[in-house]
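A.B. asks: My questions all concern the structure below.
The values are calculated or read from the model by the stated rules, or taken from the named source; none is laboratory data. All figures in this text were calculated on a predicted structure; none of them were measured in a lab. Every residue, glycine among them, receives a Cβ derived from its backbone with ideal geometry; neighbour counts consider all protein chains shown. All accessible areas refer to the heavy atoms of the entire protein, side chains included, with ligands and DNA or RNA removed. Shrake-Rupley method; radii C 1.70, N 1.55, O 1.52, S 1.80 Å.
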Amino acid sequence: ENMRNYLEEGFSKEKLTAELTNKDSEFYFAILNDEVIGYLKVNFGESQTELKDSSALEIERIYVLKEFHGKRVGQVLYDKATEIAKQKSSEYVWLGVWEKNSRAISFYKKNGFAEFGQHIFRLGDDEQTDIMMKKTMGN
C-alpha cells in the first residue's frame, strides 16, 4: 500500500509534468527497438532534492527495466550523467540510494562514489534509510 501511494503521488501526471518542465532538471532515455528500457533524471541548483549546491549535480534516478539489469544500460545512463556534470563544470555528483539496495551501492562504488552521510526517506508510514554518496569530478 505504501508503494502504491508513493507511485500514485510521486509519479502522477501533474508531478511528472512539473518535473519535465523544470529548467533545472533533465531526463534522458535509454531506447532499444523503439522501446524505453531505462531513464536518467539529473537535477541542478534548487531542483536538487537535498544539497541544493550550485556546484553539484544530483543523480535523482537511474531506472532500468529488470530484464535489462546487467546489460550495461545503467552504466550508459550513468556515463551520460557524468558527461553532463563535466559540461556544467560541476565539482561533484551526488545521490541517495536505499541502504538495502546493495546492487546499486556496489555499482556506484565501482564508479568512484563514496558514502558521506545518510537521510531518512519516507515511503508512506515506513521510514527507510538512504545512503548519501558522492564523487568529486576531476574538472
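A.B. asks: If you count the DSSP beta bridges with both ends in the chain, what percent of them are antiparallel, to the nearest 5? Before the final figure, lay out the partial values.
C.D. replies: On the way: 31 of 34 bridges.
Looking only at bridges with both residues in the chain, the antiparallel portion is about 90 percent.
A.B. asks: What does the extension gain come out to for residue 86 and residue 13, with contour length at 0.36 nm per residue minus their alpha carbon separation?
C.D. replies: Details: separation 73, 0.36 × 73 = 26.28 nm, distance 3.14 nm.
Net length gain for the segment: 23.1 nm.
A.B. asks: Taking Cα centroids, how far is the range 32-90 from the range 111-126 in Å?
C.D. replies: The two parts, judged by their Cα centres, are 17 Å apart.
A.B. asks: In percent, how large is the relative contact order of the chain, given Cα pairs closer than 8 Å and 6 or more residues apart? Display every interim value, and only then the final one.
C.D. replies: Working: 222 pairs, mean separation 26.7, N = 139.
Across the chain, relative contact order equals 19 percent.
A.B. asks: Take the solvent-accessible surface of the protein heavy atoms, probe 1.4 Å, and return the percent of it on the chain that carbon and sulfur atoms account for. Intermediate values should be presented prior to the final figure.
C.D. replies: On the way: 4250 of 8640 Å².
Solvent-exposed carbon and sulfur of the chain make up 49 percent of the total.
A.B. asks: Restricting to DSSP H runs of at least four residues, report the calculated mean residue ellipticity at 222 nm for the chain, -39500 (n - 2.57) per run over all residues, nearest 500 deg cm²/dmol.
C.D. replies: Details: 4 runs with 41 residues, N = 139.
Helices in the chain give a 222 nm mean residue ellipticity of -8500 deg cm²/dmol.
A.B. asks: With springs only between Cα atoms under 10 Å apart, run a GNM on the chain and tell me which of 19, 35, 91 wobbles the most.
C.D. replies: Most flexible of the set in this elastic network: 35.
A.B. asks: Ok, one more. Give, as a single signed number, the net charge of other residues whose beta carbon lies under 11 Å from the beta carbon of residue 119, with Lys and Arg counted +1 and Asp and Glu -1. It would help to have the intermediate numbers written out before the result.
C.D. replies: Numbers: positive: 122; negative: 50, 99, 127, 130.
Residues close to residue 119 contribute a combined charge of -3.
A.B. asks: How about residue 80: which aspartates and glutamates have a C-alpha closer than 12 Å to its C-alpha, ignoring those fewer than 8 places off in the same chain?
C.D. replies: Leaving aside aspartates and glutamates fewer than 8 places away in the same chain, those within reach of residue 80 are 26.
A.B. asks: Still on this structure, please answer the following. Take every Cα pair under 8 Å in the range 51-111 that's 6+ residues apart, average their separations, divide by the length, and report that relative contact order as a whole percent. Can you show the working numbers first?
C.D. replies: Details: 37 pairs, mean separation 25.7, N = 61.
Relative contact order for the range 51-111 comes out at 42 percent.
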